[in-house]
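Peer 1: Mind looking over this structure? Questions follow.
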Amino acid sequence: MSILVIAEHDNAHLKTATLNAVAAAVKLGSEIHLLVAGSGCDAVAEQAAAVAGVAKVKVADAAHYADQTAENLAALIHAHAGGYSHILAAATSNGKNTLPRVAALLDVAQISDIIAVEDADTFVRPIYAGNALATVKSADAVKVITVRTTGFDPVSAVGGSATIETLASASDQGQARLIGREITKSARPELGAAKVIISGGRALGSGEAYRQLLEPLADKLGAALGASRAAVDAGFVPNDYQVGQTGKIVAPQLYIAIGISGAIQHLAGMKDSKVIVAINKDPDAPIFQVADYGLVADLFQVIPELTAAL
Amino acid sequence: MKVLVPIKRVVDFNVKVRVKADGSGIDLANVKMAMNPFDEIAVEEAVRQKEAGVVTEVVAVSCGVAACQETLRTALALGADRGVLVETDAELQPLAVAKLLKAIVGKEAPQLVILGKQAIDDDANQTGQMLAALLGWSQATFASKVVIDAAAGHVTVTREIDGGLETLELKLPAVVTTDLRLNEPRYATLPNIMKAKKKPLETLKPEDLGVDVSPRLTTLKVVEPPKRTAGVRVADVAQLIDKLKNEAKVIP
Ligand SMILES: Cc1cc2nc3c(=O)[nH]c(=O)nc-3n(C[C@H](O)[C@H](O)[C@H](O)COP(=O)(O)OP(=O)(O)OC[C@H]3O[C@@H](n4cnc5c(N)ncnc54)[C@H](O)[C@@H]3O)c2cc1C
């Protein structure tokens, strides 16, 4: 039995989250196949073939896979699930959208957001916003799993030499149609892959202040920008900036939380960062309980100082 | 058009949960319970669609212990018309819940099911997608905007995705799961809480629906995550930079 990992991509580039999912698959110890379902996705198939540890790349290239709709992807994965003991995807918005559908079609449980592999049937996953870690064992014949990217260091994107096979497409389910996407454009690193993250909270007060204060600091540090839910809800920044239980889960080398109180739902998304800095004017803010370095100060005063001093 | 809103009773989001000393799970004794916040958003959305004249009936359904009745009463107080409880003391995992909901959909024949994208206890984020798969329906997860066009037979949903937003048009019937920014749920008023007590609430058992709810996953143990200890306070920006450069070595 082999392991099938679903590649995350935009028809041109393989997303790095795939490398974390492959890393989880490596721990399971069988042959790894990478599924690339897309449209005009040859370049992705080639990048997939270079990923260390992958034996085979299976490519399903059809117009109805271009937009990665769950109905079509799940039908395809279900049709080709035979012979696989495990089906994995990164716990990205795509993976979370599609894989439970696959699990239900196979009549098996899904194991969401794993952070460790104990053995081929047993996995560790956070529950209650990361306030507890559950070790769960699956009794199903096929394990359908989403992988929390911060739990597994990515495998190398190069060095592999997998064979590429073409896979028959499943029929178009014709149930969902993409009307449009508004993708946040940014020259900064992606939140999930950034080494440094500057994150701002409600205290910034406006989108203008957020940009004026945090962008120059992020520029100096080559950082990605993140935010608390309160900052997103208030419209300071787009939704995809949100870090937390229900936003992005990140674990950079350095996370700087600015004007963020440290609600458990926010901590759930960043407490595995290597070094945490908190800047908050309230000495009792809960964020200080997880911060390696805390600075009790008014952010409007110290952020310009910090940016200037770097 | 009828809308079904599945809701889950979970530990209130403000509660800091404790792991049981024997590692068997979370200590739920005397802990405040509430409706899963994402499900409140789902109820609110369905009720708003009814108020806008798009939806004719909102049916709330919950699967679990008898106390889920309270959660259903909350949904009724927020504006749902009827409640259905699938009562069981068994541990329910997302696949089992999706199967129960599929059976309820078979009885109720709604055009739309709106439910929370995840429950804040098991953080699984599966039930809606599984239900859509079992029904062979279309799905839109992580919704931040829902526009129903019943006459045309479709629903247009804006979704929060990793890179930003995406808008899908789904054929009805469909399953939609809610994200945080879809709406801000109202509070139940006292008169509505009183009225909710008189609204119909039906109770069924999984056996009545012919659904096998046996769990597929066994929890071997539950532990606390490694604790992060609070570090040090720095006096000023200069000391912060010094620490980051020379102690943590995370900036050059
Ligand atoms: C179901 C659910 C899911 C959630 N998911 C998430 C999630 O994924 N991510 C998330 O972040 N939140 C999430 N939340 C929300 C969370 O509970 C908090 O409400 C939110 O994180 C608060 O954001 P904040 O820290 O920016 O705002 P606040 O809690 O208002 O904190 C602002 C902080 O700024 C400080 N401050 C004010 N002025 C200054 C100044 N001039 N200088 C320095 N500091 C200052 C204050 O002392 C305060 O600590 C969720 C909530 C629920 C119910």
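Peer 1: How far is helix B:37-51 tilted, in degrees, relative to the longest principal axis of the Cα atoms in chain B, given as a value from 0 to 90 rounded to the nearest 10?
Peer 2: 40 degrees
Peer 1: Under a point-charge model restricted to the Cβ atoms of Lys and Arg (+1) and Asp and Glu (-1), what is the dipole moment magnitude of region B:2-225 relative to its Cα centre, in debye to the nearest 20?
Peer 2: 460 debye
Peer 1: Rounded if a/c is under 1.5, else prolate if a/b beats b/c, else oblate: with a ≥ b ≥ c from the C-alpha gyration tensor eigenvalues square-rooted, which is region B:23-98?
Peer 2: Prolate, because a/c is 1.5 or more and a/b exceeds b/c.
Peer 1: Could you please rank B:101, A:14, placing first whichever residue has the fewest other Cβ atoms within 10 Å of its Cβ?
Peer 2: Listing B:101, A:14 from fewest to most nearby Cβ atoms yields A:14, B:101.
Peer 1: Further question on the same structure: What is the distance in Å between the Cα centroid of region A:156-205 and that of region B:54-111?
Peer 2: After rounding, the separation between the Cα centres reads 34 Å.
Peer 1: Exposure proxy check: A:143, B:199, B:107, B:243 ranked by fewest other beta carbons within 10 Å?
Peer 2: B:107, B:199, B:243, A:143
Peer 1: With r defined as the distance between the Cβ atoms of residue B:208 and residue A:46 and R0 fixed at 60 Å, what FRET efficiency is calculated, to the nearest 0.05?
Peer 2: Computed FRET efficiency for residue B:208 and residue A:46 comes out at 0.65.
Peer 1: Next question. Where Rh is the Kirkwood radius over the Cα pairs of region A:130-278, the temperature 37 °C and the viscosity 0.692 mPa s, what D in µm²/s does Stokes-Einstein return?
Peer 2: 183 µm²/s
Peer 1: Under 15 Å from the Cα of residue B:221, which aspartates and glutamates turn up, not counting those fewer than eight places away in the same chain?
Peer 2: Qualifying aspartates and glutamates at Cα under 15 Å: A:118, A:119, A:121, B:22, B:27, B:122.
Peer 1: Could you pull out the pairs from A:27/A:195; A:137/B:249; A:58/A:143; A:96/B:227 whose alpha carbons sit more than 30 Å apart here?
Peer 2: A:137/B:249
Peer 1: OK, next. Excluding same-chain residues fewer than 8 positions from residue B:197, which lysines have a Cα within less than 23 Å of its Cα?
Peer 2: Result set, ordered by chain and number: B:2, B:8, B:32, B:50, B:205.
Peer 1: Against the longest alpha carbon principal axis of chain B, how many degrees, from 0 to 90 and to the nearest 10, is the axis of helix B:68-78 turned?
Peer 2: With rounding to tens, the tilt is 80 degrees.
Peer 1: Taking the alpha-carbon distance from residue A:281 and a cut-off under 18 Å, which aspartates and glutamates remain once sequence neighbours fewer than 8 residues away in the same chain are dropped?
Peer 2: Partners within reach: A:292, A:298, A:305, B:236.
Peer 1: Taking amide H atoms as placed 1.01 Å from N in the peptide plane, list the residues 5 or more away in sequence, or in a different chain, whose amide H sits under 5 Å from that of residue A:37.
Peer 2: When sequence neighbours closer than 5 places are left aside, the close amide H contacts are A:7, A:60.
Peer 1: Now for a different question. Residues in region A:245-287 near a label at residue A:220, defined as backbone nitrogen under 15 Å from the 7 Å Cα→Cβ point?
Peer 2: Residues passing the 15 Å test: A:256-258, A:279.
Peer 1: Going 7 Å from the Cα of residue A:177 toward and past its Cβ, which residues in region B:107-148 have a backbone nitrogen under 17 Å from where you end up?
Peer 2: B:138-140, B:147-148
Peer 1: Here's a follow-up. Scattering from the C-alpha atoms of the protein assembly as shown alone, worked out with Debye: what is log10 I(q)/I(0) at q = 0.11 1/Å?
Peer 2: Relative scattering, expressed as log10 I(q)/I(0), comes to -1.02.
Peer 1: Additional query: If you take the square roots of the eigenvalues of the alpha-carbon gyration tensor of region B:2-225 and sort them as a ≥ b ≥ c, do you get rounded (a/c under 1.5), prolate (a/b over b/c) or oblate?
Peer 2: Note, shape of region B:2-225 comes out rounded.
Every number here is computed from the coordinates shown, using simple stated rules; none is lab data. All figures in this text were calculated on a predicted structure; none of them were measured in a lab. For neighbour counting, all protein chains shown are included, and Cβ atoms are generated from backbone atoms with ideal geometry for every residue, glycine included.
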